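See structure below.
The values are calculated or read from the model by the stated rules, or taken from the named source; none is laboratory data. Quantities reported herein were computed from a predicted structural model and do not represent experimental measurements. Here the Cβ positions follow ideal geometry from the backbone for every residue, glycine too, while neighbour counts run over all protein chains shown. Note: accessible area is taken over every heavy atom of the protein model, side chains too, but ligands, DNA and RNA are not part of it. Shrake-Rupley method; radii C 1.70, N 1.55, O 1.52, S 1.80 Å.
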Amino acid sequence: MENQTAINPPWFAKSKLHAPPLPPGTLARPRLQTALRASVTDHAFTLISAPAGYGKTTLLSSIPLSLPRPLVAWLTLDQEDNDPANFLAALIASLQEMDPTCGSNAQALLRELPNPGDQVRRVMGVLLNDILEDISAPFLLVLDDLHLVSEPAVYVALDYLLDHLPTQMHVAAATRHDPPLGLARLRARRQMSEFRWSDLCFTLSEVASFLNDKQHLKLTLDTLTNIHSRTEGWVTAVILLAQSLSRHSGFSAAMVCSTEADRYIFDFLSDEVLYNQDEPTRMFLLETSILPELTPALCQAVTGRRDSRAILDHLQRHCLFIQPTDDSGATYRYHALFAEFLRQCLALEMPDRLAELHRRAARAEKIPSRAIGHLLAGEHWEPAAEIIEQVGGGLLQKGLLDTLNDWIRLLPPLVRDNHPRLFWLQGVASWQKGDLEAARPLLEQSLKGFEAVGDQVGQAEALAYLSTSAVLQGELVRCGDLIRRAVSFPASLHIRVRLLMGSARLAILQGDIPHARGDLETAEALAMDSGDLDALRIFIVQFHPSFALLSGGLERIERICRQTLGRLEEGLSPLRAAIEGQLAFVSLWRGRMQDACRIGESALAASRRFGSGYPCLDFIAIITVAMAQMATGKYQEANSLLEQFMEQFDRLGVDDSTAPGLLYLAGRSHYLLGDRDKVFRLYARMCAADHRREPSVAPAVRGMMRARTEIMDREYATAERTLQKVVQLEQKLRDSLLFGSGRLLLAQLYWTCKRREDALDQMVAVLDECEPEGYLGLILREGSDIIPILRFAIEQRVHTNFSSILLKSLESECIPGARSIPGSAESLTKREIEVLRMVIAGASNRAIAEQLIMSEHTAKTHVAHILRKLNAASRTEAAARAFEMGIVATP
């Protein structure tokens, strides 16, 4: 009996046989088109398998752009093609669009068969013979939307076609999930090429090209990066976001997450994905959407489904926006937007089940941070608080301060009040951020809570951090009281080390050097003997630069840092950043200025990555790098670094009285750049600070700043008296030497005033102190200004060897090389900069010649060259131009 199914009946849509036109504004994707061209040329079968909206059809429609003189038979499949007779008829019709005679024998057979589904191989065999006879040129058969076909007989026909494919024929199929074909066999034969959703995703540059070049949205790089991250390159999501953004003017990155933009995307997911699933699969998707990662065990715990592994495999095979997170294939995740959509549907459809689902997930979750997330989302407050208390210390060490604070803030006030450890964790987090004003009330509240429940260990911990905050805020008497209270309680090794370091710092500030040395040695022994990394971390973090001024201090911190480094795992960590900060300081004081800059900048970069977890060490690294930069003539770089830190300092609302050293170094950087107004403004800030709360170094550094203002106004006699007072202060409290030396500044003043013997006397006092301890950096950080005095010391046979070492270091590291002149093709040589500095100081040609050991004629020639290069008519004008351009500093 003749087959009753007509070939190409009246309702057959001819549009099935043609590639849809490319939408307006379609982005050309050369990387994919090149890969597709290679694929269809070199492989019998090309499979493009990805979820809805990844541009599969668009890519295939671009084939005419990818192949020279392409012959393409196109067939868009639909539900009707689950009838094998319809499928075979449509397939023949697609080939006849290329050659009307092709497939006539197969067509005739199809009409005669009563049930073509039983004999698809026979029909396909006849069709293959027709192809061999009628089409000799290479061509491509495209099967679009193959996922809409589920009839096994159709896939039997396609498997037969692929197994016997003529050499001139290639097949490309687009589908939302892998078809039930012999794919493993084709892969083994290397006859198949595959494009997955990771291949089809927009790259960041493609997102930028589509939105800005095609859609003319003029988005910033930040907004484009936000869109790419949020959509993970999902093509349809980018298109829908573009439609949403184009309806608004003045859009920003915030609109990427807007309700309207989400609605477009979620409507698409609802229509195209979720509601096309059977009910068990749909329920599985919704219930597991709360999981950041999907494993069979976690999914079973949440859903109760013992077949979770099989369901996950099914979801992956069907490309339901799920992908493995590693090569093992044991762990998966949903596309971020798909997961967000599923969670929204879950909240709307089953709000009463959310708490229970999160409770199940938390019970099964082995990663504490994720368990906490589930408990908080399910409002299981008490278990969440208990786990936060357990893991909070680890988060502090890793610098995850914002994560910790966010968790605690989500807890109701009543729960927080019943857990004093939570206030302690928040207080320490604020302390590590440098916000001492916020830390103090939190630590005090934790202390009251620990007292109320009789937790003596907790009291010791709260008192230890309160004492550290007190010393940083200049409250020395209170610091001593807090330490005495803390040591009366039993304390962990870590708190004992912290209290000893705090006691040593307090003793330094009170001038009790033997006590400080004893506490420091005890803390070192505890930390080193224990071998505990946390104890070593506390010792390193609490090692104040003033400890380096004790005999053997530099050797102590360098030794412990290097030993601790050897025990750390590879990779960045807050502790590694802290160690680098201390080693940068050691390099500065050893006179290795380039190393100090390099290591210090590395420490700051790592610290910023971890949220500046150790503000005290950030401060040390910043002043270290800034002083090394000033020493090497990089005045503008030092100024920029200090200005940035000053802005952060001001944003935190920190009182000026707590950081006179920072204000002084900022003022010195402006002094070296010749910016008189800023120097005077910073000095005014130092004078206006609350002197009752300032650290003991304040009078000395304020005196050095005052002297610099007096030198800038050429009030040399007044500056001399000011610096003599500073020298007296330095002899009583050496901390001020961390920021500058009043004696060396006085030596430079004497040299400027041609009082060479007085300058040498001051220099000798510094050399006497620095040579035994190897403190080259204390002198070298003054930069090239100190060179003439060192040369004079060598001439006078004073500390000859040490002075020669210093001079050699200055000449190799600290004298700026050739400096370009802004706005000019000219540059000043290293020697010309030395001459220019003496010109600015008022030296005559004869004085320049004597000082720099050259003939007077050579000195005169250098001066003439400098005036010409700076386009200056006089020495005064040359000095002004040099200051303005930042080429040299004031004398």
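Only one entry of Val72, Val156, Val120 meets the criterion of being aliphatic (A, V, I, L, M), open to solvent by 30 Å² or more (accessible area, probe 1.4 Å) and over 26 Å from Cys319 (Cα atoms), and that entry is Val72. Every condition in (1) crowded, with 16+ Cβ neighbours inside 10 Å; (2) among the small types (Gly, Ala, Ser); (3) under 30 Å from Ile227 (Cα atoms) holds for Gly329 except the one numbered (1). Please pick out the residue among Ile805, Ile787, Ile779 that is more than 36 Å from the chain's Cα centre (by Cα), crowded, with 20+ Cβ neighbours inside 10 Å and either modelled with pLDDT of 85 or more or not in a helix (DSSP H, G or I) (or both). Unique residue meeting the criteria: Ile779. Take Ala873 and tell me if it is under 25 Å from Ile794 (Cβ atoms) and at pLDDT 80 or above. Judged against the criteria, Ala873 is not a match. Cβ contacts < 6 Å: first residue surrounded by 20 or more Cβ atoms within 10 Å (Cβ to Cβ), restricted to the stretch 690-710; second residue of a type in the set (Lys, Arg), any location; separation 6+ or different chain. Result? So the pair list comes out as Gly703/Lys725. Contact map, the stretch 601-617: residues that are at pLDDT 70 or above paired with residues that are open to solvent by 10 Å² or more (accessible area, probe 1.4 Å) and in a loop (DSSP other than H, G, I, E, B), Cβ distance under 7 Å, separation 6+ or inter-chain. Pairs shown: Ala606/Leu572; Ser607/Tyr614; Arg609/Leu572. When you look at Thr26, is it over 26 Å from Val126 (Cβ atoms), modelled with pLDDT under 85 and within 38 Å of the chain's Cα centre (by Cα), yes or no? In short, yes.
Yes/no per residue for (1) within 22 Å of Val497 (Cβ to Cβ); (2) open to solvent by less than 40 Å² (accessible area, probe 1.4 Å); (3) modelled with pLDDT of 95 or more:
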position	(1), (2), (3)
Leu395	yes, yes, no
Asp406	no, no, no
Leu414	no, no, no
Asp417	no, no, no
Leu425	yes, yes, yes
Ser430	yes, yes, no
Gly434	yes, yes, no
Leu463	yes, yes, yes
Leu476	yes, no, no
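Only residues that are hydroxyl-bearing (Ser, Thr, Tyr) and free of Cβ contacts under 8 Å to residues at least 12 places away in the same chain were counted across the stretch 790-813, and they come to 3. Do we find that Thr295 is modelled with pLDDT of 85 or more, within 26 Å of Thr231 (Cβ to Cβ) and over 28 Å from the mean Cα position of the chain (by Cα) in this structure? Criteria met by Thr295. If the condition is being assigned to a loop (DSSP other than H, G, I, E, B), over 15 Å from Lys16 (Cβ atoms) and among the charged types (D, E, K, R), then the stretch 75-132 contributes only Asp99. Among helices (runs of 4 or more DSSP H) entirely within the stretch 133-232, having at least 3 residues that are farther than 23 Å from Phe321 by Cβ singles out 152-163, 183-188, 221-231. Filtering the stretch 854-870 down to residues that are in contact with a helix residue (DSSP H, G or I) (Cβ under 7 Å, 6 or more places away or on another chain) and either exposed (fewer than 13 other Cβ atoms within 10 Å of the Cβ) or in a loop (DSSP other than H, G, I, E, B) (or both), which residue is modelled with the lowest pLDDT? Among those that are in contact with a helix residue (DSSP H, G or I) (Cβ under 7 Å, 6 or more places away or on another chain) and either exposed (fewer than 13 other Cβ atoms within 10 Å of the Cβ) or in a loop (DSSP other than H, G, I, E, B) (or both), it is Ser855. Scanning the stretch 265-285 for residues that are part of a helix (DSSP H, G or I) and either open to solvent by 50 Å² or more (accessible area, probe 1.4 Å) or modelled with pLDDT under 55 (or both) yields Asp267, Asp271, Glu272, Tyr275, Asn276, Glu279, Pro280, Met283. Residue by residue through the stretch 432-442, note down the ones that are in contact (Cβ under 8 Å) with a residue 40 or more places away in the chain and either in a helix (DSSP H, G or I) or under 15 Å from Asp406 (Cβ atoms) (or both). Residues satisfying the conditions are Gln432, Lys433, Leu436, Glu437. Tell me, which residue of the stretch 298-326 that is at pLDDT 90 or above and assigned to a loop (DSSP other than H, G, I, E, B) is most open to solvent (accessible area, probe 1.4 Å)? Among them, the one singled out is Arg306.
Listed conditions (1) in contact (Cβ under 8 Å) with a residue 12 or more places away in the chain; (2) open to solvent by 50 Å² or more (accessible area, probe 1.4 Å) are all met by Leu500, apart from (2). Residues that are touching a Leu at 6+ places or on another chain (Cβ under 8 Å), in contact (Cβ under 8 Å) with a residue 40 or more places away in the chain and in a helix (DSSP H, G or I) do occur in the stretch 376-385. For first residues located in the stretch 186-206 and in contact (Cβ under 8 Å) with a residue 40 or more places away in the chain, partners that are in a strand (DSSP E or B) and surrounded by fewer than 20 Cβ atoms within 10 Å (Cβ to Cβ) and lie 6+ apart or on another chain with Cβ distances below 8 Å form the pairs Trp197/Gln323; Ser198/Gln323.
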